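Down below is the structure, laid out as structure tokens.
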Amino acid sequence: MTDASARVDAWLWAVRVYKTRSAATTACRAGHVRVNGERAKAAQPVRPGDELRVRIAGFDRILVVRQPISKRVGAVPAAAAVEDKTPPPLPREERAFVPIRDRGAGRPTKRERRDIDKLRGRDAEGFDLE
């Protein structure tokens, strides 16, 4: 491998997106990492200018490779190797309301379950209404 590229799992670990390289490899295997719109395998090389979409905790982070590095470096060089284009999260007022059941309230009744499905946009069989 030349200096102009690095493995995607090693790069994600080196720029501190994932805590361990094995966690980055697992994310690649699970399909949570996309390079230029395509699912990435752990050994896929990344080059300067490549756009990565990394799904972490249900949200996508959009990262652009400035410098391919494969060894873990300090925080300042790691920050210089990545450009974060992730849009800021929505304000709390604009986020969708997610109802939370009280702990110990038991299973929802049939009526409550139907109300929950209606709120989520599903019909009685659990399919989306689109």
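The values are calculated or read from the model by the stated rules, or taken from the named source; none is laboratory data. In this text, all values refer to a predicted model and were calculated from it rather than measured experimentally. Positions of Cβ are generated from backbone atoms using ideal geometry, with glycine treated the same way; all protein chains shown enter the neighbour counts. When the accessible area is computed, the model is the full protein with side chains, heavy atoms only, and any ligands, DNA or RNA have been set aside. Shrake-Rupley method; radii C 1.70, N 1.55, O 1.52, S 1.80 Å.
Below is a table of values for the structure above.
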{"quantity": "Gained length - Arg72 relative to Arg16, 0.36 nm times residue gap less alpha-carbon distance", "calculated": "19.4 nm"}
{"quantity": "Order of exposure, largest accessible area first, which applies to Ile56, Ile100 with probe 1.4 Å", "calculated": "Ile100, Ile56"}
{"quantity": "Per-residue SASA entry for Ser22, accessible area with 1.4 Å probe, Å² rounded to 10", "calculated": "80 Å²"}
{"quantity": "Reach of Lys19 by Cα under 16 Å, taken over lysines that are not fewer than 8 positions away in the same chain", "calculated": "Lys71"}
{"quantity": "Sites Arg122 and Ile100, calculated FRET efficiency, Cβ-Cβ separation with R0 22 Å, nearest 0.05", "calculated": "0.75"}
{"quantity": "Cβ crowding within 10 Å averaged over residues, with 75-85, 59-69 ranked highest first", "calculated": "59-69, 75-85"}
{"quantity": "Semi-axes of the equivalent ellipsoid for the chain, Cα gyration tensor, largest first, Å", "calculated": "39, 16, 14"}
{"quantity": "FRET E, pair Arg92, Ala4, Förster distance 35 Å, beta-carbon r, rounded to 0.05", "calculated": "0.25"}
